[in-house]
Amino acid sequence: MTLSGSAALAGVMGCPVSHSLSPRLHGFWLQHYGIDGAYVPLAVAPVNLASAVLSLPKLGFRGVNVTVPHKEGVITFLDTVSEVAQRIGAVNTIVVGEDRQLLGTNTDAVGFMENLKQNAPNWRSNFGPAVVLGAGGAARAVVAALLDAGVPEIRLLNRTREKAENLAKSFGRSIVVLDWDHRSICLSEAALLVNTTTLGMVNQPSLDIELDTLPDYAVVNDLVYAPLVTPLLDHAGLHGLTTVDGLGMLLHQAVPGFEAWFGVRPQVNDELRQFVLGTTA
Ligand code: NAP
């Protein structure tokens, strides 16, 4: 590992942060590309968020990733917030400019779409409606990405319907909110099903859904990556459908930050996947 006195610095700010895979992921790239840099976990309690963020330029940081619970709260301390982060309502990447200004953006939407393109290369946005389950932070990024890609209709279902309606209102167009109980019967003609709920995660119940009405060209994408093959993906695979797991989104969302901080656009490939899986499998 290369680490000199002038190493480029970045990290991940959260509370807690010990579970984050980001130091391992960025550490792999730093090593792989022989970069004089470090990416460190920064455990920052909410009460210290303002002083921690405003100290980044003073400490010489090139920037940070931001994770739970700071993704929304951090926005007020930034000089500029990108258009996509404003639409999603959350920042997951901060870049310190040469003028020491703090720019916030959100790379989850691009991470989602890059993962879909890499692992379901035959999917096209004009193939038909997308069904999105969930209306939390991850759903906002997925909806932003699907609208930007030109998906003609998004069917949005959430256990708490009001949250789905609020999400639909803030994005405005092409979103049809349906009752959570209709999740199996709303799949006909859908070209994509995305689970953005926590259902299927380790220690969480499985997602209860019937896939019989999904067309055979449909893609099923689960954002949950622990376990890597969720019961939903297992079920979809048995139906012969193309499946996309959540790990790729996690890897792809890290690319823009790494490039901005360390000056190299890193590759998401199988070697990286296997390395990161060493902690998640
Ligand atoms: P969040 O904001 O807390 O949203 C959680 C969502 O799950 C809400 O829509 C919630 O519905 C729903 N939910 C929770 N328990 C449920 C249940 N028993 N039945 C039905 N719905 C339930 O979380 P988030 O940040 O959006 O993350 C959601 C998932 O995506 C997590 O598993 C996270 O690990 C994953 N994720 C993955 C990536 C990636 O890179 N692959 C990135 C971001 C997130 P209510 O509104 O009704 O509570």
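Every number in this text was worked out from the coordinates using simple rules, so none of it is lab data. As the structure is a prediction and not an experimental result, all values here were calculated from the model. Positions of Cβ are backbone-derived with ideal geometry, glycine not excepted, and every protein chain shown enters the neighbour counts.
Run down the lysines and flag those whose C-alpha is under 26 Å from the C-alpha of K169, throwing out any fewer than 8 positions away in its chain.
Result set, ordered by chain and number: K71.
Based on the alpha carbon coordinates of the range 181-281, what radius of gyration and maximum Cα-Cα distance (Dmax) apply, in Å?
So, for the range 181-281, Rg and Dmax equal 15.5, 47 Å respectively.
Taking only C-alpha pairs under 8 Å that are 6+ residues apart, what is the relative contact order of the range 90-240 in percent? Please list the in-between numbers first.
On the way: 251 pairs, mean separation 29.2, N = 151.
After rounding, I find 19 percent.
Given the range 1-155, what whole percent of its Cα pairs are spread farther than 20 Å? Spell out each step's value before the answer.
Details: 6623 of 11935 pairs.
Counting pairs separated by more than 20 Å, the tail of P(r) holds 55 percent.
For Cα pairs less than 8 Å apart in space and 6+ apart in sequence, what is the mean separation divided by the residue count of the range 1-155, i.e. the relative contact order in percent? If you can, show how the numbers build up before the last one.
On the way: 250 pairs, mean separation 28.3, N = 155.
Relative contact order for the range 1-155 comes out at 18 percent.
Go through the range 10-19 residue by residue and turn each phi into a ³J(HN,Hα) via Karplus (6.51, -1.76, 1.60, θ = phi - 60°); whole Hz please, and just put x for glycine and proline.
8, x, 10, 9, x, 7, x, 10, 5, 7
Mind listing the long-range amide H neighbours of S184? Cut-off is under 5 Å, sequence gap 5 or more, other chains count too, H placed in the peptide plane at 1.01 Å from N.
Here the answer is E210, since their amide H atoms fall under 5 Å of that of S184.
Assuming 0.36 nm per residue, please report the length gained on full extension of the stretch E83 to S174 beyond their Cα-Cα distance.
Working: separation 91, 0.36 × 91 = 32.76 nm, distance 1.92 nm.
Working it through step by step, the gained length comes to 30.8 nm.
Could you tell me which residue out of L59, S82, Y39 lies farthest along the dipole of the range 1-102 toward its positive end? Charges go on the beta carbon: Lys and Arg +1, Asp and Glu -1, centred on the Cα centre.
Value computed over the given set: Y39.
Over all alpha-carbon pairs of the range 118-250, lay out the pair-distance distribution in 5 Å bins, whole %, shortest bin first.
Each 5 Å bin holds this share of Cα pairs: 2, 11, 23, 26, 23, 12, 3, 0.
Amide H of L192: which non-local residues (sequence gap of 5 or more, or other chain) have their own amide H closer than 5 Å, using H built in the peptide plane?
Sorted by chain and number, the residues that satisfy this are V131, V219.
Cα-based Rg of the chain per 2.2 N^0.38 Å, rounded to two decimals?
Numbers: Rg = 19.0 Å, N = 281, 2.2 N^0.38 = 18.7 Å.
Output field value: 1.02.
HN-Hα J couplings of the range 205-215 from phi, Karplus 6.51/-1.76/1.60, θ = phi - 60°, integer Hz, Gly and Pro as x?
x, 6, 7, 8, 8, 9, 9, 4, 8, 5, x
Given Cβ point charges of +1 (Lys, Arg) and -1 (Asp, Glu) and nothing else, what value in debye, to the nearest 20, does the dipole of the chain about its Cα centre take?
Values: 18 positive and 25 negative charges, 128 e Å.
Dipole magnitude for the chain comes out near 620 debye.
If you stretched the chain out fully between R100 and Y217, how much longer would it get, using 0.36 nm times the residue separation minus the C-alpha to C-alpha distance? Walk me through the numbers on the way to the answer.
Working: separation 117, 0.36 × 117 = 42.12 nm, distance 4.84 nm.
The span from R100 to Y217 would gain 37.3 nm if fully extended.
How high is the relative contact order of the chain, in percent, with contacts defined as C-alpha pairs under 8 Å that are six or more residues apart? The partial results should precede the final answer.
Working: 556 pairs, mean separation 44.6, N = 281.
With pairs under 8 Å counted, the relative contact order is 16 percent.
Which value in deg cm²/dmol, rounded to the nearest 500, describes the helix-derived mean residue ellipticity at 222 nm for the chain, given -39,500 (n - 2.57) per DSSP H run of n ≥ 4 and division by the residue count? Write down the numbers at each step before the final one.
On the way: 10 runs with 94 residues, N = 281.
For the chain, the value works out to -9500 deg cm²/dmol.
Quick one: if the Förster radius is 30 Å, what FRET efficiency do R159 and L54 give, using the C-beta to C-beta distance and rounding to 0.05?
Once rounded, the FRET efficiency stands at 0.20.
Taking θ as phi - 60°, what are the ³J(HN,Hα) couplings along the range 184-197 by the Karplus curve (6.51, -1.76, 1.60), each to the nearest whole Hz, with x for Gly and Pro?
Result, ordered by residue: 7, 8, 8, 8, 5, 6, 6, 9, 8, 10, 10, 8, 10, 7 Hz.
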